[in-house]
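Notes for the one structure printed next.
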Amino acid sequence: MSEFNDRTQANLITVLEETCRELPHHGGDHKTRKYIAEQLIAAARSGKTTLGDLRVVAGHALMTLTGREAS
């Protein structure tokens, strides 16, 4: 993740941890966390680096994994 500045790295970590706290089994399994992290990194690479932007991306990733529709 060294391609991102300190603030973006902190935002990525924060949003990943916040999102995974909602998962069962103490933050979800490795595959689930990896998928969400990959989605967050892709978003950051495309310029979405704020907490708000990353939370939206993480929410969509979580909905994709759980099969829920976005509201």
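The values are calculated or read from the model by the stated rules, or taken from the named source; none is laboratory data. The structure displayed is predicted, hence computed values, not measured ones. Cβ atoms come from the backbone with ideal geometry, glycine included; neighbour counts cover every protein chain shown. We work out accessible area using only protein heavy atoms, side chains counted, and drop any ligands, DNA or RNA first. Shrake-Rupley method; radii C 1.70, N 1.55, O 1.52, S 1.80 Å.
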Report summary line: To the nearest 0.05, the calculated FRET efficiency linking K31 and V56 through their beta-carbon distance, R0 being 30 Å, is 0.85
Query raised in the report: When the helix-only estimate is applied to the chain (DSSP H runs of n ≥ 4, each -39,500 (n - 2.57), divided by the residue count), what is the mean residue ellipticity at 222 nm, nearest 500 deg cm²/dmol?
Result: -22500 deg cm²/dmol
**Report entry** Solvent exposure of the chain as accessible area per residue, Å², 1.4 Å probe
**Finding:** 68 Å²
Query - the stretch 1-47: GluC sites (Glu not before Pro) in DSSP loop, at most 13 other beta carbons within 10 Å - result: E3, E22
Query raised in the report: Carbon-plus-sulfur fraction of the accessible area of the chain, 1.4 Å probe, in percent?
Result: 50 percent
